[in-house]
């Protein structure tokens with residue numbers, strides 16, 4: 001019977017977690033920023049949330065390809081469209097509105113921009 005050193009096992013688990021997290025972030029940091037990774041004896045758990053089923057499947061595939069990972073367990077939730085944050089939407093709307101419409105605040109008249 002072989003005894004394993006608890007400290008060595010903890011260090012190995014930590015290194016596996018870091019390798020999986022780095023693999024996810026190197027693929028696309030913004031896509032997987034809400035996923036956390038925990039490893040124990042080659043079993044990796046991915047938890048958190050992503051914006052689509054494709055992202056969920058992709059995260060699992062990336063994790064499975066990391067050295068030292070034997071099994072991937074996931075508890076990843078897919079966000080509803082209303083929960084997904086799009087930081088540029090507000091800026092885009094203002095830009096489109098300013099491009100399409102010109103306004104004369106004094107008279108309250110608005111019209112399509114001509115140039």
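The values are calculated or read from the model by the stated rules, or taken from the named source; none is laboratory data. Note that this is a predicted model, so its numbers are computed, not measured. As a convention, Cβ positions derive from the backbone with ideal geometry for all residues, glycine included, and neighbour counts pool all protein chains shown.
The listed residues are 91, 80, and the only one of them that is modelled with pLDDT under 90 and either surrounded by 11 or more Cβ atoms within 10 Å (Cβ to Cβ) or outside any loop (DSSP other than H, G, I, E, B) (or both) turns out to be 91. You will find that of 22, 74, the residue that is assigned to a helix (DSSP H, G or I) and either closer than 20 Å to residue 12 by Cα or touching a helix residue (DSSP H, G or I) at 6+ places or on another chain (Cβ under 9 Å) (or both) is 22 and no other.
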